[in-house]
Amino acid sequence: MDIYRLAGRKFNIILLAIVLLLPLFISNLYYLHIINLAGIYTLITLGLNLLSGYTGQVSMGQAAYFAIGTYVSALLMIHFQISFWLAVPAAILAAGVFGALIGIPAMKLSGPYLVLATVGFGEITRLVILNWTAVTKGAAGLTAIPLPTFLSIKITSEQDFYYLIIAIVFVGTYIAYRLAHSKIGRTFSAIREDELAAEAMGVPVNMYKIAAFVISAMYAGMAGSLFGVFAGVASPDNFTFDDSVAFLCMSVVGGNRSIAGAIIGTFLLTVLSEALRTFQAYRLVIYGGILIFTVIYMPQGIYGMAPIFNKWIERQPFAKLLFWQKPSRE
Amino acid sequence: MESTEEILQIKHISKRFGGLQALDNISLTVKTNTVHGIIGPNGAGKTTLFNVITGMIQPDDGKLLFLQRELPFLQPHKLVPAGIARTFQNIRLFESMTVLDNVLIGQHVHTPTPVISILLQGKKASHWERVAYDEAMQSLEFVGLTPKSGEIVKNLSYGQRRLVEFARALAAKPRLILLDEPAAGMNPTEKAHLLKIVLQLREKGYTIVLIEHDMKLVMQICQTITVLDHGNNIAEGQPEYIRKHPEVISAYLGKGE
Amino acid sequence: MLKKYAKLIGIIIMLVMMVVSVAGCGGNTAAKTIKIGVVGPESGGAAQLGQGQRKAIQLAVDEINAKKGAGEYKLEVFFEDDEGNPTKSASATNKLIQQSKVNIIIGAIHSSATLADMVVTGRAGIPQITAGSTGSSITEQGNKWLFRTAVNDEFQANALIKYAKEVKGIAKIATFTAADDYGQSGAKLLAAAAKKQGVELVANPTYNNGDKDFKPQLLTIKEQGAQAIFMWGLYTDAALIAKQSRQLGVNVQLFGASGMAALKLIELGGDAVQGLILTQTFLPDSKDAKVKEFVTKYKAKYQENPIPHAAQAYDTVYIIAAAVKKANSTKPEDLRTALTKTAGLKLVTGEPKFSNRGDDIGKYLLITTIKGPNFELIKTVNTAN
Amino acid sequence: MQYFLNGLPIGAIYAVVALSYSLIYTSSGVLNWSQGDMVMLGAYIGFTLTQVFHWSFTPALLASMVVVGLVGVIVQRLILKPLRERKAPPINVVIATLGVAIITRNIALAIWGPDAQVFPSPVGDKPLQLSMISVTHQDILVVCVGILVMAILQYFLKYTKEGKALRAVAQDRRAAVLMGVDTQKSDAVAFAASAALGASAGILVAPIFFVTFNMGAGIGLKGFVAAVIGGLGSIPGSIAGGFFLGTLESLAGGQISSGYRDAITFALLILVLWLKPSGLFITKSRQKV
């Protein structure tokens, strides 16, 4: 029915309008701060979903690329006065190179072995940042990372950052969506399902695996450069194993075989870990409980529940008009 | 187009595993547009030979020629571009993907879509996606699975999944199809269907090499049969010839049946 | 299709920009209360510091409110746990400022967290006092909103090395420091102090947080022939280092800094830490009346001895109360000015007075040694000179 | 020589923890990330029994192993079982066990507080000086009890009914089911046994390291590294991997650079994985086509 297509489009417009106008309704900048943080993390999770969800290469070292992105861009901006807009591509590139580097041993690995290799890479990166004081300032970290400017407007407030981050997240989501819903995404999935069969069908599996690592690293690198200017400071404490684990949880809880899942999972867990502050001492216990509950009862993540939700909506004429979207072929 | 009768030439392949000579100087030639069976009792070296051809194992010695060109070893993904597709003994499909997506993977090497076009939703991307879709649907139609194209593979029956694997191999547009025990685990009806498909494929101009245990099936569909025993090629010829070959009878037929 | 969107998006963006530029920030109108936000690690590896800080601050706030120590103002305190993670710390600070509408921030303890918080307080223009971060990069930035009531590490390093050389006659030393912000800055300052005093630094190994096996580094130190080991880290690490060095037969003089000053150090280290010399800002069994009073109250309330960090946090609240009273305002700028003029207070850990970089230069520095189950005072130094 | 000796006790601990990873991994295919926190829990229970209730060392060790073993069973029943019933992907299982780790750690923080606790060595920690080399009694105890625990595990696997069932499941899960092995039960046994192993490691390490609520993270990770170096799923491999890692760390920390010690360990690990993906000490059969 055409009316539903129209409704779908209207829904998109409404969504877009909400996204763009959001800062107006949020007078509490703390909320905006959390949203911005979640936006930055979303980029990491998007990359991680392509790597872990689609290609099946679990990474527990994603914080390393995040760190590389932050440090490369921040150091370029601090020491060479390079503009944010040039530092970002450099950071993405650097992260991508390291992505390829870990992709090479990862070609041969799977399961716990791959997990450990990525954990190891994450720890190596953190320890190098910690101990290479001449360049990274060690544990003290980088301070006074310059603020970015956009067409001579200095980006300073949470609102400014909101628009910067949302714009980049939008582009990132679009690219991830295109990749996932194309030949590349299909090939990634085939590798996840059966490497040998994919290889036998002519897929250069190793090349695709490295590509998946590079792409996810570039996403994390992009997130890193945003994080640097957003936080204004960066130290090894920002890039620990716990952070890598948190990114992975976001990806799985949201649903790692979808692009929407990355966004849902990231926002949910980022907001959750803040919201649970009220519970003081027990909040991490609750957090752990929620993690366990989700992975048991929603094995495909929250977005994996979408078809069920969709079926429910289909039966409600009003909700259908507003929310129901025709399932795509993928 | 092709100037030669011989599509695949296996030359002096040897492979030793520890103390076991799995393949001992095997040579054989597959003629274009034939169904070529490789048989032999357990441990004869069939699977090893198949693994050498499909790039899973590096032989100690020998070479492979496909359409007079040497094939590299240990690079399974180069077989499809050369024109060879395969199926697996214990079906290997992309289980949680749809039937259509499985078959689309077969089109991988034939749709060189530039990444930039994918990102920008360019013409090339949609063109190649359409080409791949059409080809995949044709393959599915050939095996009779068109109505199942949207199903998730793991929900299909065993016989249907076999057919999906066939369709996927066909979508790779090969000249030569390697079948690894295609009838394993099939019931008589499914076997009959398989027989029909293989014969149809040959009519369409494909060349087929198959490893099979089921003697009856092999005798029915193969033009040429190679018999291996203890890593040696003990006989090669038409079914009639093989049926009466004394060494074959003693090595293989004589024992089991 | 895209064109239709473009027009709409254009309009929306214009609307958004207009409203954003008009919208200002609302002021805080709560009368006669001053809201203090506290950030610190109440879970995670340094939880004992964050929890000690919380207890001491709560104690101070209750006392001040009971005796109206901040003039007409009532103190209200909000605690947030940052798990020692800078990102979470910045979020927590944001929450305190934006949601709880605090007028001043105490925190954080990890230097990396404090640095991240400083960006937030700096952008918001809210004074921040850290009672725990000693990293030198914090006050080197020239951030006018930041004050520090933790003792300056540079001073400690100098005092320790000087004591080692002049009193103990030590000529060859080794540093053994944590590879975190605290330890790294300590290592740097010790090396500088050693150079200044003409003491030879023969080895300077480090360890990573969470390390439990220090024997390899201790062996290196032994091989280099150091006469003393200067540790810069937390008390758990120091106790283990002391134990393991004794086990390896490395019987050299041990020195430490305020970060490890806790009675728990003596409990954990046992015989191995006897004779260890360390600087600190606070001795629970000191004869000083102020200290005695604080320890008695703290013990009565929490049935445990306060850690030195708790004493610093406790003093910090008193400094704030005095500043509020003086400023008679909760406006950030007024509070800041009042803080810079802090003077005449006699508190548990010193007579606070801030340098123009925000460092408290009125602290007492106690050089102490461990004897039996207690710390014993050797000498008090005032950091002001 | 001294570096090598220093590596032994810590290596023994790593070996025991590595074993607990291997045991669960082979018999139920689960990468259990809460293993390190079972070590922590074991240490705390041991601490409480010896220091608060004044039990002696051996009964405290055994009781702690039993209690933590029960916790392992609870984890298996409450978390692994429903995951299996839903055929959840392995990554979900990993995250669920991470959740268990977070919960255990924070409950421990709530019960025992943030301060480190002393757990005195039952044999004292005076060093034995043998010319240039010094070893403590506790070090010797750790190595001996560690080896004893490993031997008991070996006996359990080889000669008891439950152990045999575990090994059958490890060999081929589906075949074991056909042979009438109750895999739920064998999973529970595996979780109990490896949690108990972790607890024993916790009690052994407690006098050397003190007891803290977050001690599990480091030991857990190192034990996992040791298990992988040795080849996950191989019992002799895990033991060898533990001792290898212990000595390697001791040497790398002393001779190369203490700050980069773990970086060196991990770099070496990645190299090992790259060159020999199935671990240093075992030869894994090729993937079947």
Inset, instruction - List, in the order given, every pair from C:Lys68/C:Lys341; C:Lys67/C:Lys346; C:Lys297/C:Lys346; C:Lys101/C:Lys341; B:Lys204/B:Lys244 whose Cα-Cα distance in the structure shown is over 28 Å. - result: B:Lys204/B:Lys244
Inset, instruction - At a temperature of 25 °C and a viscosity of 0.890 mPa s, determine how fast chain A diffuses translationally according to Stokes-Einstein, using the Kirkwood radius over alpha-carbon pairs as Rh; express D in µm²/s, rounded to the nearest whole number. - result: 119 µm²/s
Legend entry - chain C: relative contact order as a whole-number percent, Cα under 8 Å and 6+ apart: 16 percent
Inset, instruction - Starting from the Cα gyration tensor of the stretch C:78-168, take the square roots of the eigenvalues, sort them a ≥ b ≥ c, and report rounded, prolate or oblate (rounded when a/c is under 1.5, otherwise prolate if a/b is larger than b/c, else oblate). - result: prolate
Inset, instruction - State, to one decimal in nm², a quarter of the convex hull surface area for the C-alpha atoms of chain B, i.e. the direction-averaged projected area. - result: 15.1 nm²
Inset, instruction - Report, in debye and to the nearest 20, how large the dipole of the stretch D:1-154 comes out about its Cα centre when Lys and Arg carry +1 and Asp and Glu carry -1 on their Cβ. - result: 560 debye
Legend entry - Angle between chain C longest axis and helix C:153-166 axis [Cα atoms, degrees, rounded to 10]: 10 degrees
Legend entry - FRET efficiency, 1/(1 + (r/R0)^6) with R0 41 Å, evaluated for D:Lys161 and A:Ile308 via beta carbons: 0.40
Inset, instruction - Can you put C:Ile361, A:Ile14, C:Ile378, C:Ile241 in order of Cβ neighbours within 10 angstrom, beginning with the fewest? - result: A:Ile14, C:Ile378, C:Ile361, C:Ile241
Inset, instruction - Please report D:Leu157, B:Leu8 as a ranked list, fewest other C-beta atoms within 10 angstrom at the top and most at the bottom. - result: D:Leu157, B:Leu8
Inset, instruction - Quick one: P(r) of chain C from all Cα-Cα pairs, 10 Å bins, percents rounded to integers, in order of increasing distance. - result: 5, 23, 31, 21, 11, 5, 3, 1, 0
Inset, instruction - Using only Cα atoms, tell me the angle between helix C:111-124 and the longest principal axis of chain C; keep it within 0 to 90° and round to the nearest 10. - result: 20 degrees
Inset, instruction - Report the charge-dipole magnitude of chain D in Debye, nearest 20, computed about the Cα centre from +1 at each Lys and Arg Cβ and -1 at each Asp and Glu Cβ. - result: 1120 debye
Inset, instruction - Quick one: grab the alpha carbon gyration tensor of the stretch A:1-125, order the square roots of its eigenvalues as a ≥ b ≥ c, and give me rounded if a/c is under 1.5, else prolate or oblate depending on whether a/b is larger than b/c. - result: oblate
Inset, instruction - Calculate the spin-label point distance for D:Ile74 paired with A:Ile18, positioning each point 7 Å from the Cα along the beta-carbon direction, and give it in nanometres. - result: 4.0 nm
Legend entry - Helix axis angle, C:215-224 relative to chain C longest principal axis, alpha carbon, degrees: 60 degrees
Legend entry - Helical segments meeting 30 Å axial Cα length and Kyte-Doolittle -0.5 threshold in chain D (DSSP H): D:2-28, D:90-112, D:137-159, D:183-209
Legend entry - GNM top mover of D:Ala195, D:Ala263, D:Ala60 - chain D, alpha-carbon springs below 10 Å: D:Ala263
Legend entry - FRET efficiency, 1/(1 + (r/R0)^6) with R0 35 Å, evaluated for D:Lys185 and A:Val171 via beta carbons: 0.10
Legend entry - Whichever lysines have a C-alpha closer than 20 Å to that of C:Lys222, once near sequence neighbours (fewer than 8 apart) are set aside: C:Lys165, C:Lys168, C:Lys172, C:Lys212, C:Lys243, D:Lys126
Inset, instruction - Obtain the radius of gyration and the Kirkwood radius of the stretch C:262-385 from its C-alpha atoms and give Rg over Rh. - result: 1.04
Inset, instruction - Give me the distance between the Cα centres of the stretch B:158-176 and the stretch D:40-112, rounded to whole Å. - result: 50 Å
Inset, instruction - Let me see the pair-distance distribution of the protein assembly as shown: every alpha carbon pair, 20 Å bin width, integer percents in order. - result: 10, 35, 33, 16, 5, 0
Inset, instruction - Sum up the charges of everything whose Cβ sits under 13 Å from the Cβ of C:Ala70, counting Lys and Arg as +1 and Asp and Glu as -1, but leave C:Ala70 out. - result: +3
Legend entry - Estimated FRET transfer efficiency when R0 is 25 angstrom, pair B:His12-B:Ala184 (beta carbons, to 0.05): 0.25
Inset, instruction - For the stretch C:139-212, just run the numbers: alpha carbon Rg, then divide by 2.2 N^0.38 Å, N being how many residues it has. - result: 1.24
Legend entry - Candidates B:Gly18, B:Gly231, B:Gly159: whichever shows maximal mean-square fluctuation once chain B is modelled as a Gaussian network with Cα springs under 10 Å: B:Gly18
Legend entry - Shielding by partners, peptide C:298-308 (average Cβ within 10 angstrom, other chains): 0
Inset, instruction - Please report, in debye to the nearest 20, how large the charge dipole of the stretch A:3-322 is about its Cα centre when each Lys and Arg carries +1 at its beta carbon and each Asp and Glu carries -1 there. - result: 800 debye
Legend entry - Under the span-like rule (Cα at least 18 Å along the axis, Kyte-Doolittle mean at least 1.0), DSSP H helices of chain A: A:2-25, A:29-48, A:62-80, A:84-106, A:111-131, A:158-180, A:205-231, A:241-254, A:259-275, A:283-297
Legend entry - Averaged over A:236-245, number of beta-carbon atoms from partner chains that fall within 10 Å: 5
Legend entry - Cα-based shape type of the stretch D:1-119, given that a ≥ b ≥ c are square roots of the gyration tensor eigenvalues and the cut on a/c is 1.5: oblate
Legend entry - Highest-MSF residue in chain C out of C:Gln53, C:Gln274, C:Gln303 [GNM, Cα springs under 10 Å]: C:Gln303
Inset, instruction - Return the calculated 222 nm mean residue ellipticity for the protein assembly as shown, to the nearest 500 deg cm²/dmol, obtained by summing -39500 (n - 2.57) across DSSP H runs with n ≥ 4 and dividing by the residue count. - result: -18000 deg cm²/dmol
Legend entry - Average partner coverage of D:271-279, which counts Cβ from other chains inside 10 Å: 4
Legend entry - Unit Cα scatterers, Debye sum, the stretch B:93-173: log10 I(q)/I(0) for q = 0.18 Å⁻¹: -0.68
Legend entry - Members of A:Lys108/B:Lys196; C:Lys88/C:Lys371; A:Lys209/D:Lys222; A:Lys154/C:Lys74; C:Lys55/C:Lys326 lying beyond 30 Å, as alpha-carbon distances in this model show: A:Lys108/B:Lys196; C:Lys88/C:Lys371; A:Lys154/C:Lys74
Legend entry - Distance between modelled label sites at B:Lys216 and D:Ala110, nm, 7 Å Cα→Cβ extension: 6.9 nm
Inset, instruction - Provide the convex hull volume over Cα atoms per residue for the stretch B:165-208, in Å³. - result: 64 Å³
Inset, instruction - Write out the chymotrypsin sites (Phe, Trp or Tyr not before Pro) in the stretch D:52-91 meeting two conditions: DSSP loop, and at most 13 other Cβ atoms within 10 Å of their Cβ. - result: D:Phe53
Inset, instruction - Can you put B:Asp60, D:Asp37, C:Asp213 in order of Cβ neighbours within 10 angstrom, beginning with the fewest? - result: B:Asp60, C:Asp213, D:Asp37
Legend entry - Set of lysines near D:Lys161 by C-alpha distance (under 25 Å), chain-local residues within fewer than 8 positions excluded: D:Lys81, D:Lys185
Inset, instruction - Equivalent ellipsoid semi-axes for chain D, as square roots of 5 times the alpha carbon gyration tensor eigenvalues: give them largest first, rounded to whole Å. - result: 29, 24, 18
Inset, instruction - Any chance you could check the Cα centroid distance between the stretch A:118-177 and the stretch B:183-257 for me, in angstrom? - result: 64 Å
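Rule-based calculations on the coordinates, nothing more; no lab input. The model shown is predicted, which means the values in this text are computed figures rather than measured ones. Positions of Cβ are generated from backbone atoms using ideal geometry, with glycine treated the same way; all protein chains shown enter the neighbour counts.
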